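Before any comments, here is the structure.
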Amino acid sequence: MTGKNISLSFVIGLIFAFGLSISGMTQPQKVIGFLDLFGSWDPSLMFVMIGAIAVHASYFYLVKPRFSKPIWAAIYQLPTKKDITTPLLLGSALFGVGWGLGGYCPGPGITSLANLSQEPLYFVLSMLVGMALYRKVEGQWSLLK
Amino acid sequence: MNPDFLNALIGGILIGFATVLMMHFNGRVTGISGIINGVFKRVSQDWAWRIAFVSGLFVGGLFMKYWFPHYFLNTIQSSPRTIILAGLLVGFGTIMGSGCTSGHGVCGISRFSKRSMVATIIFIGTGVMTVALKNYFLN
């Protein structure tokens with residue numbers, strides 16, 4: 001990645017933050033309302049995924065095939081794993097529990113730091129610890145094998 | 001159309017646009033949990049673009065907070081204990097599960113990735129269960 005990629009990454013972060021804020025994802029009560037399927041369900045966040053997927057999928061299938069490589073990189077780096085594995089299932093399950101408990105996921109957590117309040121700060125710091133914990137566990141596990 | 005639905009759709013379209021830029025120019029998927037984790041992984045040499053992206057997420061938030069503070073209105077007063085537990089689970093779970101709402105939910109599903117579709121159904125599922133259980137015990 002060169003200076004161009006790095007600068008663009010910053011701009012992409014800006015746009016992503018605008019999107020997260022406008023969509024309601026930075027308001028935990030809207031996230032929890034969306035997950036409150038059996039209570040007072042607020043379906044609005046459904047449209048976030050619909051909007052985002054509509055744009056990304058359109059690009060992926062209609063535009064991307066015409067390009068052999070990214071504009072400012074040598075190759076596309078897409079995820080390669082294909083199997084449904086236990087870590088995928090268990091990790092996703094745990095993530096969902098955390099998401100339902102706090103109403104934050106990683107992106108909104110970082111963007112909400114801009115609110116300069118306690119909750120997002122505690123969330124992000126704990127999230128970083130959680131990530132480090134898994135890296136440690138994963139490391140030990142592969143040493144054992 | 002309901003204003004909340006419209007805001008959500010517009011926000012989603014912006015998010016989609018951001019992920020398209022990342023793919024088209026940088027050749028990468030915008031999985032925020034992975035982008036953050038990559039800063040700390042020992043093998044990672046490409047921390048600069050990751051830090052730039054995360055900085056953009058934060059600075060973008062500052063702009064939005066300044067112009068439209070209502071987007072950060074939080075009516076839920078979770079205890080610090082709950083938030084810390086939530087953060088630990090989200091951090092641990094997203095790395096174990098190789099992604100979150102942006103990586104799996106947006107980018108993965110758009111590519112019809114089986115892994116991502118399964119992951120998304122599961123994290124939404126346990127999210128729904130968690131909120132339901134929380135309400136049950138509080139009432």
Members of the range B:27-37 found to be within 7 Å of another protein chain (Cβ to nearest Cβ), within 12 Å of the chain's Cα centre (by Cα) and without any contact (Cβ under 8 Å) to a residue 24 or more places away in the chain, listed by number: B:ILE36
Residue among B:PHE123, B:PHE92 that alone is at the interface with chain A (Cβ under 7 Å from one of its Cβ atoms), open to solvent by 10 Å² or more (accessible area, probe 1.4 Å) and modelled with pLDDT of 95 or more: B:PHE92
Failed criterion for A:ALA73 (all others in (1) aliphatic (A, V, I, L, M); (2) exposed (fewer than 15 other Cβ atoms within 10 Å of the Cβ); (3) more than 30 Å from B:PHE72 (Cβ to Cβ) hold): (2)
Unmet criterion (only one of (1) of a type outside the set (Gly, Ala, Ser); (2) over 20 Å from the mean Cα position of the chain (by Cα); (3) open to solvent by 40 Å² or more (accessible area, probe 1.4 Å)) for B:HIS24: (3)
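Every residue in the range B:56-67 that is over 18 Å from the mean Cα position of the chain (by Cα) and either within 27 Å of B:VAL39 (Cα to Cα) or within 7 Å of chain A (Cβ to nearest Cβ) (or both), please.
Step one: of the range B:56-67, the residues over 18 Å from the mean Cα position of the chain (by Cα) are B:63, B:65-67.
Those that are over 18 Å from the mean Cα position of the chain (by Cα) and either within 27 Å of B:VAL39 (Cα to Cα) or within 7 Å of chain A (Cβ to nearest Cβ) (or both): B:PHE63, B:LYS65.
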Search result, residues across the range A:116-145 that are polar (S, T, N, Q) and open to solvent by less than 40 Å² (accessible area, probe 1.4 Å): A:SER126
Residues of the range A:108-127 satisfying the condition of being closer than 17 Å to B:THR82 by Cα and not in a helix (DSSP H, G or I): A:SER117
Where B:PHE53 falls short, out of the listed (1) open to solvent by 10 Å² or more (accessible area, probe 1.4 Å); (2) part of a helix (DSSP H, G or I); (3) of a type in the set (A, V, I, L, M, F, W, C); (4) within 7 Å of another protein chain (Cβ to nearest Cβ): (1)
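Would you mind finding the one in B:SER78, B:SER33, B:SER98, B:SER102 that is within 30 Å of A:LYS4 (Cβ to Cβ) and part of a loop (DSSP other than H, G, I, E, B)?
Numbers: B:SER78 fails: within 30 Å of A:LYS4 (Cβ to Cβ); B:SER33 fails: part of a loop (DSSP other than H, G, I, E, B); B:SER102 fails: part of a loop (DSSP other than H, G, I, E, B).
One residue alone meets the criteria, B:SER98.
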Enumeration of residues in the range B:1-22 that are under 30 Å from A:ALA74 (Cβ atoms) and either touching a residue at least 40 places away in the same chain (Cβ under 8 Å) or among the acidic types (Asp, Glu) (or both): B:ILE15, B:GLY16, B:THR19
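Could you list all residues from the range B:95-108 that are within 21 Å of B:GLY27 (Cβ to Cβ), within 7 Å of chain A (Cβ to nearest Cβ) and not hydrophobic (A, V, I, L, M, F, W, C)? Working first, answer last.
So the first thing to find is which residues in the range B:95-108 are within 21 Å of B:GLY27 (Cβ to Cβ), and the list is B:98-100, B:102-108.
Filter once more, keeping what is within 7 Å of chain A (Cβ to nearest Cβ): B:98, B:100, B:102, B:105-107.
If the condition is that a residue be within 21 Å of B:GLY27 (Cβ to Cβ), within 7 Å of chain A (Cβ to nearest Cβ) and not hydrophobic (A, V, I, L, M, F, W, C), then B:SER98, B:SER102, B:GLY105 are the ones that fit.
The values are calculated or read from the model by the stated rules, or taken from the named source; none is laboratory data. Keep in mind that what you see is a predicted model, and the values were worked out from it rather than measured. As a convention, Cβ positions derive from the backbone with ideal geometry for all residues, glycine included, and neighbour counts pool all protein chains shown. The accessibility values were calculated without ligands, DNA or RNA, using every heavy atom of the protein model including side chains. Shrake-Rupley method; radii C 1.70, N 1.55, O 1.52, S 1.80 Å.
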